[in-house]
1. If you go through region 158-194, how many residues are within 16 Å of the ligand (Cβ to nearest atom), of a type outside the set (Asp, Glu) and closer than 17 Å to Arg81 by Cβ?
2. Out of Gly45, Gly64, report the one residue that is out of contact with any Phe, Trp or Tyr (no Cβ under 7 Å at 6 or more places or on another chain) and part of a strand (DSSP E or B).
3. Going by the conditions given, is Glu125 surrounded by fewer than 17 Cβ atoms within 10 Å (Cβ to Cβ), closer than 14 Å to Phe37 by Cβ and not hydroxyl-bearing (Ser, Thr, Tyr)?
4. Of the residues that sit in region 1-20 and are among the polar types (S, T, N, Q) and within 15 Å of the ligand (Cβ to nearest atom), which one is surrounded by the most Cβ atoms within 10 Å (Cβ to Cβ)?
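The values are calculated or read from the model by the stated rules, or taken from the named source; none is laboratory data. Computed from a predicted model, the values in this text were never measured in an experiment. A quick note on method: Cβ atoms are made from the backbone with ideal geometry, for glycine too, and the neighbour counts reach across all protein chains shown.
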Amino acid sequence: MDTLLKLHQATKTIPNESDLDNTILDHLDLTIRKGDFVTVLGGNGAGKSTLFNSITGTSLLTSGTVTLSGQEVTNWQEEKRAKYISRVFQDPKMGTAPRMTVAENLLLALKRGKKRYILPRKLKEQRTRFEKICESIGNGLEKHLDTPTGHLSGGQRQSLSLLMATLTQPDLLLLDEHTAALDPKTSKKLMALTDQVIEENQLTCLMITHRMEDALVYGNRLIVMENGKIKLDLNKEEKAKLTLEDLFVLFEEEQVSPGI
Ligand SMILES: Nc1ncnc2c1ncn2[C@@H]1O[C@H](COP(=O)(O)OP(=O)(O)OP(=O)(O)O)[C@@H](O)[C@H]1O
């Protein structure tokens with residue numbers, strides 16, 4: 001088994017107002033193989049984003065370890081991990097610099113994990129490539145290479161965020177409800193694009209979603225989180241047998257809101 005990411009006994013506690021430790025990740029063990037596309041479900045507050053924050057180094061674990069490509073990165077800062085990990089957030093505003101143009105944002109994305117600055121010469125050199133990349137997603141983004149991203153629609157901006165996150169083929173792609181803020185049609189399109197980009201680039205991906213159908217349809221593995229733990233971990237075959245009804249029943253039993 002070619003392991004890409006391993007969390008061992010990952011625990012995150014944060015003191016609450018009454019000064020008691022609030023356990024958000026609870027001795028969680030998770031192993032992700034290279035090429036896995038794992039969908040992550042869980043009710044509000046289950047610890048999904050905290051899991052991502054612990055993987056990216058946005059927030060460090062209280063105890064336990066994170067290993068990436070065989071190297072322990074538990075105490076690495078976010079900037080150092082950014083060379084290997086890309087993340088797309090729910091909010092279209094999070095992934096792009098609003099005053100910079102689409103082309104400038106793409107150029108910055110080429111420098112993920114390195115010192116980032118814009119050279120007009122480099123911008124010119126990459127223009128044809130950027131046009132082609134934007135064309136490939138079929139929503140007219142190529143006509144907006146010189147448009148500040150703040151002027152784009154939410155859908156265009158999220159597709160740009162996805163392109164930026166995958167431009168340099170990260171070892172690990174984290175999608176944090178990246179289609180949730182879009183209307184159903186745009187969300188569907190972005191999800192299909194996401195699947196295509198992951199497949200074409202053979203990326204390893206973890207995708208948090210509240211859309212149970214997406215969690216079933218996409219990926220080769222499904223995990224369900226509850227109270228900072230992994231409640232259910234299904235492989236491709238097990239996932240193929242699962243129905244939407246099964247998932248609804250599971251969430252009802254656990255009395256956690258599916259959030260859809
Ligand atoms: N910095 C923090 N300080 C205090 N509590 C926090 C902090 N970060 C997260 N929590 C708490 O930890 C729990 C898990 O939060 P997290 O955002 O990881 O859940 P989630 O599964 O991503 O939820 P959602 O689906 O609502 O986004 C929640 O109860 C949240 O309030």
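1. The initial filter retains those residues of region 158-194 that are within 16 Å of the ligand (Cβ to nearest atom), namely 174-181.
So of that shortlist, the ones also of a type outside the set (Asp, Glu) come out as 174-175, 178-181.
Now narrow it down to the ones that are closer than 17 Å to Arg81 by Cβ: 174-175.
The number of residues fulfilling the criteria is 2.
2. Working: Gly45 fails: part of a strand (DSSP E or B).
The unique qualifying residue is Gly64.
3. Working: surrounded by fewer than 17 Cβ atoms within 10 Å (Cβ to Cβ): yes; closer than 14 Å to Phe37 by Cβ: no; not hydroxyl-bearing (Ser, Thr, Tyr): yes.
No, not satisfied.
4. First, the residues of region 1-20 that are among the polar types (S, T, N, Q): 3, 9, 11, 13, 16, 18.
With within 15 Å of the ligand (Cβ to nearest atom) added as a condition, the list becomes 11, 13, 16, 18.
Details: Thr11: 18, Thr13: 16, Asn16: 9, Ser18: 6.
Applying the filter and picking the extreme gives Thr11.
Residue-by-condition table, conditions (1) on the phi < 0 side of the Ramachandran plot; (2) within 15 Å of the chain's Cα centre (by Cα):
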residue: Glu177; (1), (2): no, yes
residue: Glu200; (1), (2): yes, no
residue: Leu206; (1), (2): yes, yes
residue: Glu213; (1), (2): yes, no
residue: Val217; (1), (2): yes, no
residue: Ile223; (1), (2): yes, yes
residue: Leu242; (1), (2): yes, no
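Quick grid of which residues meet (1) without any contact (Cβ under 8 Å) to a residue 12 or more places away in the chain; (2) buried (at least 20 other Cβ atoms within 10 Å of the Cβ); (3) farther than 14 Å from Lys48 by Cα:
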residue	(1), (2), (3)
Glu213	no, no, yes
Tyr218	no, yes, yes
Arg221	no, no, yes
Gly228	no, yes, no
Asn235	no, no, yes
Leu244	no, no, yes
Phe248	no, no, yes
Glu253	yes, no, yes
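Per-residue answers, yes or no, for (1) within 16 Å of the ligand (Cβ to nearest atom); (2) surrounded by 17 or more Cβ atoms within 10 Å (Cβ to Cβ); (3) outside the structural domain of Leu119 (by TED's automatic domain parsing):
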site	(1), (2), (3)
Asn22	yes, no, yes
Arg33	no, no, yes
Phe37	no, yes, yes
Ser49	yes, yes, yes
Asn53	yes, yes, yes
Gly57	yes, yes, yes
Val73	no, yes, yes
